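**Q** Submitted below is the structure of interest, expressed as structure tokens.
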Amino acid sequence: MKVRRKLVLNKTTNTSFIVLLLLLAVTTVSSISSSTSVTFQVFDNGSSQDGIEVTMIGDEFPTADTPEEIMELFAIQMSHVEGIVVHRHGQQPGTVVATKAFREDGERITSFDQLLPPPPAVVAVDENKEKTNDKKDGDDEDDENEDDTGEIRMDLRRIYLVAEGLEFMWPFVRYGHLQILSSRALTPPEDKPIVLESMSDSPRVFRIMNFFSHDESEFLIDHATKHLARSTVGNANDKAHARADAGRTSENAWDGSTYVAKRMITRSFNLTRIVEDVGKIDGLQIVRYLPGQFYNEHPDYFTPGSDKYFDFSPYSGGSNRFATVFMYINDVEEGGCTVFPRTSSPNPTKPPQYSLDMFKKYSMEYHMVTKCHTKLAVPPQQGTAALFYSSTPDGRVDPMSHHGACPVIKGIKWGANIWIWNRQRFGDIKTGLPRPLKIHNTLNVTIYLSWEGREDGT
């Protein structure tokens, strides 16, 4: 196995003039010889920096009884390749082993064939947008993120290693980068491929296109309309502590039983590449925002240490909300974006005066309107979704993930969201409570157990 270190820079400038079109050619491989070699890049979970080029022959790829075992063996194998460093917060670099491996299009690595180079990638100018070479005052004349040739080639597969106990996170490549997802990882609802667009590295935010159909949207709206109630804040699973709040003025309903809701939940799990588990979701929430309604800045995660009987730190084996998938069920005439107030917009604008005049000066809504024009925001477009993470790739909660729903200025906004946890969600199970445990050793050797806990033994 040959290794060559290659530094891959993380680019963040605006590439909204460029659309990446992957040529979905059908590659027929009659046979892969055991001596066939392939070169690919290996990255840490969610990273687009410090990629390591690895060349492998067929004989070196692991074999096992199940796809899950093959993926784990391959991930462990790559963890020990010189130069590859897998991270998990709280552990020394070089001591962390990966147990999952994913391709850049979302496929789990379970066969040598998946490491073969992808179809050619080309870049074309979006004819619906004006391209200009005029630079604004203060722009960098040597902006390396602008591609004058109009072509970008990605000739190698990119493999992402996930540390034991953590979950896969999509990598941010550069602002505007488009990644077509493999239909083997996520089945499209219609005849269009699902596309993931990079929007922000910190917080980690993506825009998902072609995520669901008009029929699915209409079904969710029709079903939720009968059950809408004033939205609350607090723990949705604990009605005693859920309360109305001036910072959240929408209406919502819950749906986890209809066939469309189940379909959307499964699709969201597949998008995050987390194995579907009813214990890892809070349910599917449907929300409606009328003109003037909004949701002030807030996090989706629970603060570590806020409950003495539950560990909210993912890196230490605890559980928290890991990813949020927010689906835009309809087109909104104006307003209604999902905004991330702690990071700037790559294309800031000045809010129209009439949108500010809708609200009392210096009110929460007034300030949110300004943030929605100057901070990173995902527009509400039917069939698309925002995917963002409440955690960093190494397992820490991410304060940069604070977000809010921009006030609707014109029209009505319908949305649906699901919170996906990295492990069993907060609820009836308390990780700090004592419980009986029986272990039966079926091996002919002595085994040793270790666990983390508090000084009092809990």
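**Q** Taking the condition of being open to solvent by 10 Å² or more (accessible area, probe 1.4 Å) and under 28 Å from Val195 (Cβ atoms), how many residues in the stretch 88-106 meet it?
**A** So the answer is 4.
**Q** Do we find a residue being open to solvent by 10 Å² or more (accessible area, probe 1.4 Å), touching a helix residue (DSSP H, G or I) at 6+ places or on another chain (Cβ under 8 Å), β-branched (Val, Ile, Thr) and outside any helix (DSSP H, G or I) anywhere in the stretch 253-260?
**A** yes
**Q** Checking the condition touching a helix residue (DSSP H, G or I) at 6+ places or on another chain (Cβ under 6 Å) and either in a loop (DSSP other than H, G, I, E, B) or open to solvent by 20 Å² or more (accessible area, probe 1.4 Å) (or both), which residue from Pro341, Pro304, Pro291, Pro348 passes?
**A** When all the criteria are applied, what remains is Pro348.
**Q** Now for a separate question. Look through Ser250, Ser217, Ser213 and report the one residue that is in contact (Cβ under 8 Å) with a residue 40 or more places away in the chain, under 27 Å from Ser306 (Cα atoms) and of a type in the set (Gly, Ala, Ser).
**A** Only one candidate qualifies: Ser250.
**Q** Given the structure, is Ile57 at negative phi, open to solvent by less than 50 Å² (accessible area, probe 1.4 Å) and among the β-branched types (Val, Ile, Thr)?
**A** Taking the combined requirement at face value, the residue does not satisfy it.
**Q** A further question follows. Can you pull out the residues in the stretch 401-417 that are closer than 25 Å to Pro314 by Cβ and open to solvent by less than 20 Å² (accessible area, probe 1.4 Å)?
**A** Ser401, His403, Gly404, Ala416, Asn417
**Q** Another one. Could you list, in sequence order, all residues of the stretch 418-429 that are open to solvent by 10 Å² or more (accessible area, probe 1.4 Å) and part of a strand (DSSP E or B)?
**A** The answer is Trp419, and nothing else.
**Q** Please indicate, with yes or no, whether at least one residue in the stretch 305-319 is under 21 Å from Arg207 (Cα atoms) and either of a type outside the set (Gly, Ala, Ser) or touching a residue at least 12 places away in the same chain (Cβ under 8 Å) (or both).
**A** No: the stretch 305-319 contains no residue that is under 21 Å from Arg207 (Cα atoms) and either of a type outside the set (Gly, Ala, Ser) or touching a residue at least 12 places away in the same chain (Cβ under 8 Å) (or both).
**Q** Continuing with this model, one more query. Take the residues of the stretch 278-311 that are more than 19 Å from the chain's Cα centre (by Cα) and among the aromatic types (Phe, Trp, Tyr): which is farthest from Thr249 (Cα to Cα)?
**A** Filtering first and then ranking leaves Tyr309.
**Q** Another question, if that's okay. Do you know which residues across the stretch 351-373 are charged (D, E, K, R) and either open to solvent by 80 Å² or more (accessible area, probe 1.4 Å) or in a loop (DSSP other than H, G, I, E, B) (or both)?
**A** Once the filter is applied, which keeps residues that are charged (D, E, K, R) and either open to solvent by 80 Å² or more (accessible area, probe 1.4 Å) or in a loop (DSSP other than H, G, I, E, B) (or both), the stretch 351-373 yields Asp357, Lys360, Lys361.
**Q** Report, ordered by the first and then the second residue, all pairs with beta carbons closer than 9 Å, sequence separation of six or more or different chains, a first member in the stretch 44-62 that is over 11 Å from Ile159 (Cβ atoms) and among the aromatic types (Phe, Trp, Tyr), and a second member that is open to solvent by less than 30 Å² (accessible area, probe 1.4 Å) and not in a loop (DSSP other than H, G, I, E, B).
**A** What qualifies is Phe61/Ile70; Phe61/Phe74; Phe61/Phe112; Phe61/Leu115.
**Q** Return the pairs, sorted by first residue and then second, in which the second residue is part of a loop (DSSP other than H, G, I, E, B) and among the aromatic types (Phe, Trp, Tyr), the first residue lies in the stretch 378-392 and is in contact (Cβ under 8 Å) with a residue 40 or more places away in the chain and buried (at least 24 other Cβ atoms within 10 Å of the Cβ), the beta carbons are less than 6 Å apart, and the residues are 6+ apart or on different chains.
**A** Sorted first by the residue in the stretch 378-392, then by its partner, the pairs are Ala385/Phe211; Ser390/Tyr301.
**Q** What is the residue count in the stretch 374-388 for residues that are within 24 Å of Glu216 (Cβ to Cβ), in a strand (DSSP E or B) and not small (Gly, Ala, Ser)?
**A** Qualifying residue count, the stretch 374-388: 3.
The values are calculated or read from the model by the stated rules, or taken from the named source; none is laboratory data. Just so it is clear, the model here is predicted, and its values are computed rather than measured. Quick reminder, even Gly has a Cβ in these numbers, built from the backbone with ideal geometry, and neighbours come from all protein chains shown. The protein model used for the area step is the full one, side chains on, heavy atoms only, and it has no ligands, DNA or RNA in it. Shrake-Rupley method; radii C 1.70, N 1.55, O 1.52, S 1.80 Å.
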